[in-house]
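Scroll down for the structure; my scribbles are underneath it.
The values are calculated or read from the model by the stated rules, or taken from the named source; none is laboratory data. Source: prediction; values computed, not measured. Note that we place each Cβ from the backbone using ideal geometry, even for glycine, and neighbour counts take in every protein chain shown. To get the accessible areas, we keep the full protein, side chains included, count just its heavy atoms, and leave off ligands, DNA and RNA. Shrake-Rupley method; radii C 1.70, N 1.55, O 1.52, S 1.80 Å.
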Number of protein chains: 4
Amino acid sequence: MRALVYHGPGQKSWEEVPDPAILKPTDAIVKVETTTICGTDLHILKGDVPAVIDGRILGHEGVGTITEVGSAVTDLAVGDRVIISCISSCGKCIYCKQGVYSHCQAAEGAPGIGWIFGHLIDGTQAEYVRVPFAETSLYRVPEGVRDELAVLISDILPTGHEIGVQYGAVRPGDVVAVIGAGPVGLAAITTAGLYGPSRVIAVDLDANRVEMAKSFGATDGVVASDSDWREQIIAMTDGLGVDVSIEAVGVPATWDMALAVVRPAGHVANVGVHGKPVEFPLDKAWIENLTITTGLVNTDSSPMLIKLLAQGKLDVGGFISHRFKLDEIIEAYDVFGRAAETKALKVVMAV
Amino acid sequence: MRALVYHGPGQKSWEEVPDPAILKPTDAIVKVETTTICGTDLHILKGDVPAVIDGRILGHEGVGTITEVGSAVTDLAVGDRVIISCISSCGKCIYCKQGVYSHCQAAEGAPGIGWIFGHLIDGTQAEYVRVPFAETSLYRVPEGVRDELAVLISDILPTGHEIGVQYGAVRPGDVVAVIGAGPVGLAAITTAGLYGPSRVIAVDLDANRVEMAKSFGATDGVVASDSDWREQIIAMTDGLGVDVSIEAVGVPATWDMALAVVRPAGHVANVGVHGKPVEFPLDKAWIENLTITTGLVNTDSSPMLIKLLAQGKLDVGGFISHRFKLDEIIEAYDVFGRAAETKALKVVMAV
Amino acid sequence: MRALVYHGPGQKSWEEVPDPAILKPTDAIVKVETTTICGTDLHILKGDVPAVIDGRILGHEGVGTITEVGSAVTDLAVGDRVIISCISSCGKCIYCKQGVYSHCQAAEGAPGIGWIFGHLIDGTQAEYVRVPFAETSLYRVPEGVRDELAVLISDILPTGHEIGVQYGAVRPGDVVAVIGAGPVGLAAITTAGLYGPSRVIAVDLDANRVEMAKSFGATDGVVASDSDWREQIIAMTDGLGVDVSIEAVGVPATWDMALAVVRPAGHVANVGVHGKPVEFPLDKAWIENLTITTGLVNTDSSPMLIKLLAQGKLDVGGFISHRFKLDEIIEAYDVFGRAAETKALKVVMAV
Amino acid sequence: MRALVYHGPGQKSWEEVPDPAILKPTDAIVKVETTTICGTDLHILKGDVPAVIDGRILGHEGVGTITEVGSAVTDLAVGDRVIISCISSCGKCIYCKQGVYSHCQAAEGAPGIGWIFGHLIDGTQAEYVRVPFAETSLYRVPEGVRDELAVLISDILPTGHEIGVQYGAVRPGDVVAVIGAGPVGLAAITTAGLYGPSRVIAVDLDANRVEMAKSFGATDGVVASDSDWREQIIAMTDGLGVDVSIEAVGVPATWDMALAVVRPAGHVANVGVHGKPVEFPLDKAWIENLTITTGLVNTDSSPMLIKLLAQGKLDVGGFISHRFKLDEIIEAYDVFGRAAETKALKVVMAV
């Protein structure tokens, strides 16, 4: 088959590789029909994730059809159309039993981290992919849900929802600020709407993104380069700050911003993938009764999100900015990598 | 009357001052019969809390008898014996209505912070004290509860309980580490027992304190100067770390320790009062699904703790290490200030 | 002033009565500018609520302007425009401190029940009304919120929201059935939308009401007289029943219906005011892992609902079916009493 | 092998039957080394559970050693010592993924009810038993935990804990009444202690049981035949009733008692297995803001309870009233069946 293979920092190619095979009785093989690119894939290509070795097939998002199942797989069958979760979860360890699939203790490669596709095992940017723990890591695509929307369930929508909105504990009436209006920030903005906020404020350096965020459910927008960006946000509250502040970028400056606008007893939910430590002003924060959360997605909310998609209650068509054929993936990476210029959100590749 | 008055860094005196008077209809005057000293009082004396001005009467803990009430006070009467909460709460603002009394928006001096006694208004280390919002800031002492135990409800027990144990979300079966076995750490250790933990591990530099913590409910102890202190703690878990890590000191080193022993998806509850920012290794923590909390006590759990005290279900006699007469308060400060040497926990002064 | 006075079962008159006066320092007098009629008022007129005595002014909903405040009222002032909550809450008792204002232990007339207007003290269907515990029982009307929408906050919206939706624990993705599409059922339907349900099914004997419910947020409707009403509902789920079943009528038949459609581990929230006991098939239900709730509204969510109203995030204009002048109240009762025929929902009377 | 076989109402025999065999790849065979008898077994023998057919091996509790595993079982091995959960759970269906194993949709015999041993498939009162979904239905016995205590994890401890204490939402400071001091009531009493109640009141018709309950953690006892039993309970509260009322018998009279003592906004947790409907006075209860729960045990708390057992934090030795050899099971049933006379709690049979 053909797959996108990582060959060290800056090096990737769409090349011929051996087809994957069932290795364990709980595996399935899925023919990938739709896949997409995540910001994390770009990080890997920069060499920021040393655990990814030369020869690794990239990608952790996908929708496709099962072509083979291991002997222990009884709930899924060849021909089933499925969403591949970015998290591989055994369903039986102490973490999985509590829904914290992100820290599955049985995950291959590095027990304790459920994200292994395109990281510790071969991923989904390929014609076929082997899926460990198939029964607890694949979700059937319901009738009437288009592949390019279903693939948003692999990672981006549950990430914004679980790590941003749920960990942030958004409740009806809340004012929510989302720092960063890239794909994951937009996923938080969209899914925040499921919790009845009074305002969802999109904050970004790029005025276009701020404006665009309104079509994803933001009620207000603030351009982060405005000198009075903080005052603008505070003015949208009762003067005390936002109830929930969601960091969706992953750099110290945006962490600082998230802290700067949250009210006493508010929540700061960090979704961004950070590359270095941050300063935490605990000399001021000790008295603020804050709750700060971090996290890798669990995808435990995926069945619920799929249900809403199938009912037409989640309007996410706007996430798909560009469409390619699967074998145009190198071009797709180029477009996604120049997102500021191409205005790419999710670039989707389909067979 | 006589009171302990702050006169700038390092300066205090037990001196004659005017009696307090009712200033607002919701005030009460309480004759202080028992009071105690908090670590925060020592910080103030060092000059670490600039908002405390020369002439301020110190102290925010006390038990006594009401001698006068304002015209709007109908639920309390002269002669009632009461616990003075360290937090003054109006009971009507948006924060008080949610039980977050620590951020009462109507507090005198600095709206937004409920801790004002011995800080922004005159405190309890005096023969009499004016109590704002009396009906929502005083709690009746039940029959049969000794004053020196009741005074623990002013601050130390609810602080350990709410900011340590409740914010830490201790649940049955949890392994809990408490970093710092001083009074507030011991309050967390004692009240953690209300939530069915499988282990409560006391961690401190002082081996005597670690040992003593066991009489407050710690099941295990680790001396923080041991080179393998972390390994000792991890060995008391399933190898993944503690469920809840409570920081009860307030310096960067103990913050680091609290983070170092918590398991994925665990809780870090910061109780310590910090004087400088800390480093937060978000480059590692982003993927750890942590919940980190901070806070000033709300005292919303005080009625419950009083109920348990009255039922004899909270064994806290051990907190009282030294007893003085109220006018021996200068000596009491000396003993409390040399705690490492005197083994002082709570020094109590009574009339 | 003029007021609607109850004179025993079936007897009411719009008549001249003495103006109310401040009785306690925590009282306020409000000039009623908008009021409405509740189903409970009809029950009272039938003689179903014996605690209501001859001479009682009816009504527990209203919006108006403060004309006088007691000496202890400092947070509100003459001239303030306010919503009168149907629940009078002291803000200080053990129940009020937990937000359970419905069982305020200090309520006049019958300590333990917060609903006293038009029941145990004179009510709001009058030109003026005395409001006990004014600071904790009145809410300011924000700029830009019309009186006829604000008056929905007195009772109907928080009742549907708190006792139906919140007690029913509606979560994103849930399928919710609301049995009874009268005003309170519609309030549950509308506010359920704040919690991201996948479906909200309106169930009523009246096909018109079922249809109308869709403009209040119902996604589906079932006519209860259809012989296969239950099958229709179950078919809208995965075959196991609804996640949340809200009873909004108050008779044994609708209680039975609510139980009949709920799935294992689902919630049944009773909102209806019942006049007789019901049968509870515990021989079947013991194994069903059900949660069943009942309740009088607390109005603790009123500030949040007001915030959403002010932000234009709660579309409730459709509740107002008829408008009258305050002195046309007898005619308004007639229209509201013949709701099946007049299609009355909320009839509003304004000065 | 030998097993206790049901032969219709009133008929049972300890007889030779074929050994069980692996039927599905997820099965395991366990050699039963310790088992016990549940009140439900007596109900079955009376013919109250028609789904149990002639020829069925009884019993749903047991501890033993794995002798064979199916091809898909990788986390358990021959020789492992395990606790057999009374609930068989697939770990993958929508209910299991939420921890509601009691309603596992994949359970053999009657999808939707996780209790199948000794009910819909052959049970544990035998020398060997086939265990479906072994990996998600067996729990390893930790070092140092005696079999006769471990077997309490099969059903009785999690039932009292989950359906009584957790569903009843016991919190620190609560006053809890447990109606019925038989084994399951005592299990609720013992595990309530994990949640810091101020009082746990045992209520039973049998004064001996009431007294004995105190050695299981009850702080108070009330004999239900006292004419003032209710007044006695209310006097142990603030006059308003208990916070949590746990029904642990299963007849209309005890359901009535549970409702009679609960305070407004309190919880009633039904644990008893009922044989007929009850009356629910919704005409009074609609205004009481009650939460009422029912349920079959999930055993999702079993790992936590095992952890506490292993740490010596759960004192449950008193549950074992009688010990027999496995082949003395007929005699054991006789003793257990005459519990009022023999004072039997749990009778344990071991090889």
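In table form, for the structure just shown:
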quantity: Nm distances between copies for C:L23, ranked from closest, using label points 7 Å along Cα→Cβ; calculated: 3.5, 7.1, 7.8
quantity: Rounded if a/c under 1.5, otherwise prolate or oblate - region C:256-304, Cα gyration tensor axes; calculated: oblate
quantity: Size of charge dipole - the protein assembly as shown - debye, nearest 20, with Cβ of Lys, Arg +1 and Asp, Glu -1, no other charges; calculated: 0
quantity: DSSP-defined beta bridges in region B:30-151 - what % are antiparallel, rounded to 5; calculated: 95
quantity: Phi to ³J(HN,Hα) by Karplus 6.51 cos²θ - 1.76 cosθ + 1.60 over region D:9-18, Hz, x for Gly, Pro; calculated: x, x, 10, 8, 8, 8, 9, 7, 9, x
quantity: Rounded Å value of the spacing that divides the Cα centres of region A:99-120 and region D:86-104; calculated: 23
quantity: Cα centroid separation, region A:285-330 to region A:12-66 (Å); calculated: 19
quantity: Rounded to the nearest 10 Å², the accessible area of A:H274 at probe 1.4 Å; calculated: 10
quantity: For A:A77, inter-copy label distances in nm, listed shortest first [label point 7 Å out on the Cα-Cβ vector]; calculated: 3.6, 7.5, 7.9
quantity: Förster radius 22 Å - calculated FRET efficiency between B:A110 and B:K276, Cβ distance, rounded to 0.05; calculated: 0.55
quantity: Region D:109-202, relative contact order [Cα under 8 Å, separation at least 6], %; calculated: 22
quantity: Apportionment of accessible area to carbon and sulfur, chain D, percent (1.4 Å); calculated: 52
quantity: Per-copy distances of the D:R323 label point, shortest first, in nm (7 angstrom along Cα→Cβ); calculated: 4.9, 7.3, 8.3
quantity: Probe 1.4 Å, accessible area per residue of region A:12-170, Å²; calculated: 32
quantity: Interface area, C with B, accessible, probe 1.4 Å, both sides summed, Å² nearest 100; calculated: 1000
quantity: Amide H contacts of C:E68 (H built 1.01 Å from N, under 5 Å, at least 5 apart or other chain); calculated: C:I29
quantity: Residues with amide H under 5 Å from that of C:I246, placed H, sequence gap 5 or more; calculated: C:A177, C:V178, C:I179, C:A269
quantity: Heavy-atom surface of region A:291-351, accessible at 1.4 Å and reported per residue (Å²); calculated: 39
quantity: Mean Cβ count within 10 Å, highest first, over the residues of peptides A:83-89, B:32-38, A:297-303; calculated: A:83-89, B:32-38, A:297-303
quantity: Whole-Hz couplings from phi, Karplus 6.51/-1.76/1.60, listed for region A:189-203; x for Gly and Pro; calculated: 4, 4, 7, 4, x, 6, 10, x, x, 7, 9, 10, 9, 8, 10
quantity: Per-residue ³J(HN,Hα) for region C:214-220, Karplus 6.51 cos²θ - 1.76 cosθ + 1.60, θ = phi - 60°, Hz, x for Gly and Pro; calculated: 5, 7, 9, x, 5, 8, 9
quantity: Region A:190-265-region C:171-234 distance, computed between alpha-carbon centres (Å); calculated: 34
quantity: Furthest towards positive pole of dipole, C:H60, C:C90, C:V271, structure part chain C, Cβ charges; calculated: C:C90
quantity: Average partner coverage of B:269-280, which counts Cβ from other chains inside 10 Å; calculated: 5
quantity: Theoretical ellipticity at 222 nm over chain C - DSSP helices of four or more residues, -39500 (n - 2.57) apiece, nearest 500; calculated: -5500 deg cm²/dmol
quantity: Approximate spin-label separation A:S215-C:K343, in nm, with each point projected 7 Å along Cα-to-Cβ; calculated: 3.7
quantity: Shape call, region A:281-339: gyration tensor on alpha carbons, a/c limit 1.5; calculated: oblate
quantity: Drop in accessible area of at least 30 Å² in the complex versus isolated chain, residues of region C:300-317, 1.4 Å probe; calculated: C:M304, C:K307, C:L308, C:Q311, C:K313
quantity: Accessible surface ranking that places the most exposed of D:D122, D:D48 first, with a 1.4 angstrom probe; calculated: D:D48, D:D122
quantity: Closest Cβ on chain A to the rotation axis that carries it onto D (distance rounded to whole Å); calculated: A:A72, 2
quantity: Shape category assigned to region C:4-97 from the gyration tensor of Cα positions, a/c cut at 1.5; calculated: prolate
quantity: Residues losing 10 Å² or more accessible surface upon assembly, region A:189-210, compared with the chain by itself, 1.4 Å; calculated: A:L194, A:Y195, A:G196, A:P197, A:S198, A:R199
quantity: Within chain C, percent of DSSP bridges classed antiparallel, to nearest 5; calculated: 50
quantity: Test item: Cα-centred dipole of region C:225-351, Lys/Arg +1 and Asp/Glu -1 on Cβ, debye; calculated: 440
quantity: Calculated FRET efficiency for the pair C:I53/A:D54, C-beta based, R₀ 60 Å, to 0.05; calculated: 0.10
quantity: Interchain or long-range residues, amide H under 5 Å from A:V200's placed H; calculated: A:V176, A:T219, A:D220
quantity: Candidates B:K31, B:K313, B:K276: whichever shows maximal mean-square fluctuation once chain B is modelled as a Gaussian network with Cα springs under 10 Å; calculated: B:K276
quantity: Where labels lie 7 Å past Cα in the beta-carbon direction, separation of B:S71 and C:E231 in nm; calculated: 7.3
quantity: Value in Å of the Kirkwood radius, where chain C supplies the Cα pairs that are averaged; calculated: 20.5
quantity: Within the protein assembly as shown, percent of DSSP bridges classed antiparallel, to nearest 5; calculated: 55
quantity: Number of partner chain Cβ atoms within 10 Å, mean per residue of D:54-67; calculated: 0
